[in-house]
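The values are calculated or read from the model by the stated rules, or taken from the named source; none is laboratory data. Keep in mind the model is a prediction, meaning the values are calculated, not measured. FYI the Cβ positions are ideal-geometry reconstructions off the backbone, even for glycines, and counts take in every protein chain you see. Only protein heavy atoms, including side chains, enter the accessible area calculation; ligands, DNA and RNA are left aside. Shrake-Rupley method; radii C 1.70, N 1.55, O 1.52, S 1.80 Å.
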Amino acid sequence: MNIRMIATSMVVASAMTTAMVAPSAAAAGATQRVGIDINWVKHSFVGEGADFLRVVVQQNNLRAGDGLRIYIDARSKDPGPEFVVEGYTGSEWTLRKAETWKKFGAEVACPSSFFRMNESKDRSTLRLLWSCLSDNAHFRLAVRANSTNGPNIDWWPSFHKFGNWFSI
């Protein structure tokens, strides 16, 4: 065998291996899920006397094992979050004091509050008694969604940034 035939054989063998391993675009769409994506975040105060902070996060492709963190900034002079709500689909959730974007402190008890991640609606809902947030009346939010597969992290409005301030 000459060198040209060997090189041609290697290229053909390589192309055959690639074709056998790489799925078609149609098959990839059917078997792989696109990663988590936050479409929008809405907040309001609800209940008699606006006792609850309500946050709704609309996501794409919310699945079992996915997680969500809602960071709450309550002090304009402190650049990071003061609180973080963290939960996962089909699991418990917690409200904690936040020291930084990554370091969380003690859990804060907050009766009459709930957090739910609804896979069938791709929607997560937080209803938090706002007095659990140290009686602050001005807030801004940041949201971090994480997925168990695919592109696995999305931030709203962007990485380590908060949305606009809002008040009770």
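Report GLU107's accessible area, 1.4 Å probe, all protein chains in place, as a number in Å² to the nearest 10.
110 Å²
State the percentage of accessible surface on region 73-151 attributable to carbon and sulfur atoms; use a 1.4 Å probe and exclude ligands, DNA and RNA.
46 percent
List the pairs from LYS42/LYS102; LYS42/LYS103; LYS77/LYS161; LYS102/LYS161; LYS121/LYS161 whose alpha-carbon separation is above 22 Å, in the order I gave them.
The pairs that break the limit, which is 22 Å between Cα atoms, are LYS42/LYS102; LYS42/LYS103; LYS121/LYS161.
Can you run phi through the Karplus equation (6.51, -1.76, 1.60; θ = phi - 60°) for region 37-44 and list ³J(HN,Hα) in whole Hz, with x for Gly and Pro?
Result, rounded to whole Hz: 8, 8, 7, 7, 10, 10, 9, 7.
So, in nm, how far is label ARG54 from label ILE168 when the simple model puts each one 7 Å beyond its Cα toward the Cβ?
1.7 nm
Suppose a student asked you for the relative contact order of region 119-168, using Cα pairs under 8 Å spaced at least 6 residues apart; what percent would you report? Please report the intermediate quantities before stating the final value.
Working: 44 pairs, mean separation 16.9, N = 50.
The value is 34 percent.
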